[in-house]
1. Considering amide H positions built from the backbone, and no H for Pro or chain starts, which residues 5 or more places from A:I296, or on another chain, come under 5 Å of its amide H?
2. Near C:P270, within a Cβ-to-Cβ distance under 15 Å, what is the net charge of the other residues, with Lys and Arg +1 and Asp and Glu -1?
3. From zero outward in steps of 10 Å, how is the percent of C-alpha pairs of chain A spread across the bins?
4. Using the Cα centre as the reference, give the magnitude of the dipole from point charges on the C-beta atoms of chain A (Lys, Arg: +1; Asp, Glu: -1; all else neutral), rounded to the nearest 20 debye.
5. Once you charge only the Cβ atoms, +1 for Lys and Arg and -1 for Asp and Glu, what is the size of the charge dipole of region B:2-64 about its Cα centre, to the nearest 20 debye?
6. Do any chymotrypsin sites (Phe, Trp or Tyr not before Pro) in region B:112-202 lie in a DSSP loop with no more than 16 other beta carbon atoms within 10 Å, and if so, which?
7. Just going by the charge dipole of region B:84-332, with Lys and Arg at +1 and Asp and Glu at -1 on Cβ, which of B:Q113, B:A328, B:S308 is farthest out on the positive end?
8. Taking the alpha-carbon set of region C:2-64, what are its Rg and Dmax in Å?
4 protein chains.
Amino acid sequence: MIVEMDRGASEEQIQAVVSRAESYHFGVQLNRGTDKVVVAILGGDTSRVSTEVFAVLPGVASVTRIMRPYKLASREFHSRPSLVDVGGVVVGGERLVMIAGPCAVESREQLEQTADYVLSAGARIVRGGAYKPRTSPFSFQGLGDEGLDLLAELRSTRRVPVTSEIMDAYQLDAMVDAVDLLQVGARNMQNFTLLRAVGQSGKPCLLKRGLAATVTEWLQAADYLLASGGQVIMCERGIRTFEDSTRFTLDLSSVAVIKQNSHLPVIVDPSHAAGHHRLVPSLARAAVAAGADGLIVEVHPDPQNALSDSLQSLDFPSFGHLMQELDAIAKVLGRSF
Amino acid sequence: MIVEMDRGASEEQIQAVVSRAESYHFGVQLNRGTDKVVVAILGGDTSRVSTEVFAVLPGVASVTRIMRPYKLASREFHSRPSLVDVGGVVVGGERLVMIAGPCAVESREQLEQTADYVLSAGARIVRGGAYKPRTSPFSFQGLGDEGLDLLAELRSTRRVPVTSEIMDAYQLDAMVDAVDLLQVGARNMQNFTLLRAVGQSGKPCLLKRGLAATVTEWLQAADYLLASGGQVIMCERGIRTFEDSTRFTLDLSSVAVIKQNSHLPVIVDPSHAAGHHRLVPSLARAAVAAGADGLIVEVHPDPQNALSDSLQSLDFPSFGHLMQELDAIAKVLGRSF
Amino acid sequence: MIVEMDRGASEEQIQAVVSRAESYHFGVQLNRGTDKVVVAILGGDTSRVSTEVFAVLPGVASVTRIMRPYKLASREFHSRPSLVDVGGVVVGGERLVMIAGPCAVESREQLEQTADYVLSAGARIVRGGAYKPRTSPFSFQGLGDEGLDLLAELRSTRRVPVTSEIMDAYQLDAMVDAVDLLQVGARNMQNFTLLRAVGQSGKPCLLKRGLAATVTEWLQAADYLLASGGQVIMCERGIRTFEDSTRFTLDLSSVAVIKQNSHLPVIVDPSHAAGHHRLVPSLARAAVAAGADGLIVEVHPDPQNALSDSLQSLDFPSFGHLMQELDAIAKVLGRSF
Amino acid sequence: MIVEMDRGASEEQIQAVVSRAESYHFGVQLNRGTDKVVVAILGGDTSRVSTEVFAVLPGVASVTRIMRPYKLASREFHSRPSLVDVGGVVVGGERLVMIAGPCAVESREQLEQTADYVLSAGARIVRGGAYKPRTSPFSFQGLGDEGLDLLAELRSTRRVPVTSEIMDAYQLDAMVDAVDLLQVGARNMQNFTLLRAVGQSGKPCLLKRGLAATVTEWLQAADYLLASGGQVIMCERGIRTFEDSTRFTLDLSSVAVIKQNSHLPVIVDPSHAAGHHRLVPSLARAAVAAGADGLIVEVHPDPQNALSDSLQSLDFPSFGHLMQELDAIAKVLGRSF
């Protein structure tokens, strides 16, 4: 951290900064310029201390963090890419992973029909919502436990890994029994109680980016999971901006930023960002070209009659066609699905 | 809802829209323009149905909602301002309410000292965090149950209402016993599991605005609480924007927008928006002048040594001076603290 | 436009809305629901009238636009994709166009060396800044007229189309003589005086998206150019959001949104969005995969000593390697560079 | 500036950073931590050099600016508040200034009637648009030169300072003759050609904040004007965010931030931010309470028939009532209108 003192700060004020830094066992170096003093506070653990601790002292003009405020998710901490095993499917390696399925599990038939199709087209993990977070209390809230049972059954009959969203720590036991990958949704990215519980569960976690989270804050949330012993796959799904022709603004820059600063695998959810099935293929292709390790896409046998997210779900032919394009783009980058 | 058909949409496509609207028992009127057909879907309950239900049909160009997508929080539903009773203190009436206290409860002495000061200066509800949501897993996470006990003790010895943040439904029983007002934090505004639990608890709720939530979404979250039987006070605390000289951008327009569209009381938290104690008085005064029903402000006996949010906490003299200014501004508007 | 009346609006108020609509020769249909009246105002030219005209009338609850507020740029107005001829190079057809060159023209040698390299690697239009808009008045402001002369010379000796940014209408005559394509920068997207002048110049325009412009506002700006007789290529270059690990957030969704709503070609500038050369290849590949009609990329023979935008400029080997990847991705989509 | 080297950066790479800093005659201090080297680059003029200059060098992990990137607008450069004289009315002193008038000059009668009313109610400068920047090319674009003549006439007959927006440098001569204060609009805040011309004109400038500009960038734009010899009044008018119930999000924090970092006076435009006259009084009161030096407000004798911005214009009675509230709030802060 770099502490810039006010022009004219007293020696006593400078010493107070130095003393506080030393109380954390950090290294300290004073840089005396012509018109102001700058204190460099050095050490591998400065990422664990808030800048406030120094900013609040008298005579301090500003405090700037140099070390990133996350540690376990950082590439400096762990230089090789992490691989995450999801029920036998490896995420983060040369092979990309398509996770596909319905927004919400609606019935055994709907789930099986969708799963069978997406698996035949190249998907390797099946998604399906059991508990659904809905903006309105009057919307369909998912089948709940029944949906979870249907996922567990599919996982057993098709021998395929499945994933679903966990909304609250009390659902953890049931979820751990039923699925291979726990999704933490965008609205829960900073639900720290949930993060800790998921981290301790032994199941890998798909951590969706919060609507208003910077990449840095998202990696800090990953630190919560990693600190509790968890394994993490990052999932870009769009951020909230002023643009209103899409539901969210997919920030594909985050893929390269994460690859540069972190060892964690990163996948992309084009469905929730776009909000409309006509935009999904363009964004899905872009995500693969950007270097993502995989995708999570909503598919429904009959989108016009889906009980949720109907507008952004692909039908079977669109999904099949898309998989072919995605595989060809992956091959340009020396990868494949 | 207004459904705009594509230029050249077929009669069959138009009829499919009409049929779907009728299946919800909505009124339907066709507007045939020179170059396209517009279907008006009318009825008091259209706010409960997603626009997707129509947007996904073939031949539909766009669907626009006219009714706001919340109902119980709407002024159309309940025209007079709601008053919320917090342990005997009424929020939403002519008298404004100051809620003040430390960010986190650190000790009995720190809590009592702060409470005694802010009450003497005109505050009427005491705040103090027991469980703290922290961006980093390495930061001080609050005293937990011990903090809650100290709040309950203060409430009993000082006969003053107290409030604290609930982070997860499992904390509900302990919180209900200890506090008069449950705070739902910005990061949990769309934690629907938590909202339902709080709504059913019988305690009023201070609902902070999510960092990325529009006023409309925030009122939809209030609908979750109201639908479960709860009472709600809205709390503006700043939204996430590109501006980086403050932690968040306090959106004081939301005060007048909520007053216009809703019957719920609205207060303002200038401390978290500003992120720096030097900016708090300016924003606090502005909030009262904008017409807020109260404020929630962080105060600490020794901000330089606070364990959290030290930079944005006011010390006692600053708080005392601010209360005098706020009361004088309230009087200009025919109100008082 | 759809005008929603207040619950309990009087017949007189409804008639005032109808009369005002009729004064514009619009069609009007009344939809009388059980609890409120909705007035549909129909006609091809409603896009030219502001919603305020109705919103300001007494008894009006809200006004919603259905027709998009642009006309000439709309696909409804012109259903086939427009092709724009830039000095013999067609933008918007099956073949993608790479525009490359230095951020700023620094010398004849630097310009020629860069142009020769990028052309050999597959670029077909050369870019180079003569007048530079700089955030700080103390930064290098470009060579001005001398830079323009160097571009004109290159265009003549290499027989290649060139493009540069116009910052003010007074530069128009000099620019028209020197370049084949006029760039209007993000900060000038709503400089309407400049748009009209460029539209009337007879030269095609590369219209960069404003930092805070929705796709709709950007297409309205295109309407200014088209209404003055101009030809337009849209250029996505990132929007301002809260994310701070990149300079701007590249909104690649806009490519598909424009293709859906407009007939204009759209290209992408990954350099200004990323702000760092290490992120440029990932975003460039994503843009092509998303379906863009081309790219504009900054290249410099010695980025470490560039006088502006050094950090985001590619060196020659990186650019050459990127072109090969981009061409392979284009071929997946049945296109090529 | 603080240059953080990569872990394992070579001595040669560190020396390259030092040499480059020394080539600008900056002071340099090396801070050698246990795992990385941090180079502090010190000197009063570092604000004039881009961080890129160092970030582009090999072995550099990050570059952080400590000095703010503006100089002339900074309070460090000029510690006492600047007063700006607008035709005899001082902005920035203890007395607040109300600037009021119609959005656009529509006729002599409309301008005189409005001016006479607002002056009688306490305004001291009259505003009126002659050239209007409009999002759509089909909207009313202002009376142009005729509007300017009417303003000049009013200024002479009423002996009152007037202000209007300049959209392009070619309008400068006409504007300088007609008005006392040149407004630079939000969409032109980074039109550097215009800024330089206005700075050299000898007239003070009202610099509106750009829709996507941070406070820092806004103060950099002020530096353009100050560097050309101009005098500047800052004007907050709302930024672009995701919130859609208001046209823009008024960022009242910027008032206190500017007061802290700059010596320039700052006023607030609640009309353009709100977009609706019902929200204007709440925001105007908040602006005065926040500590603004004045306001600029749109007033019209008959808003329902205004040719532009009808929805956000106050009628006479609303304006008169507002002025009384504002004056009372100003008095709480020891000021007055």
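Just so you know, all these numbers are worked out from the coordinates, no wet-lab data involved. Everything numeric here is computed off the predicted structure, so don't read it as measured data. Cβ sites come from the backbone with ideal geometry, for glycine too, and all protein chains shown count toward neighbours.
1. A:I99, A:V268, A:D269
2. In short, -1.
3. Histogram of Cα-Cα distances, whole percents per bin: 6, 24, 30, 19, 10, 8, 3, 0.
4. That gives a dipole near 760 debye.
5. Approximately 100 debye in magnitude.
6. B:F140
7. The listed residue farthest towards the positive side: B:A328.
8. Calculated on Cα positions, Rg and Dmax stand at 10.7, 32 Å.
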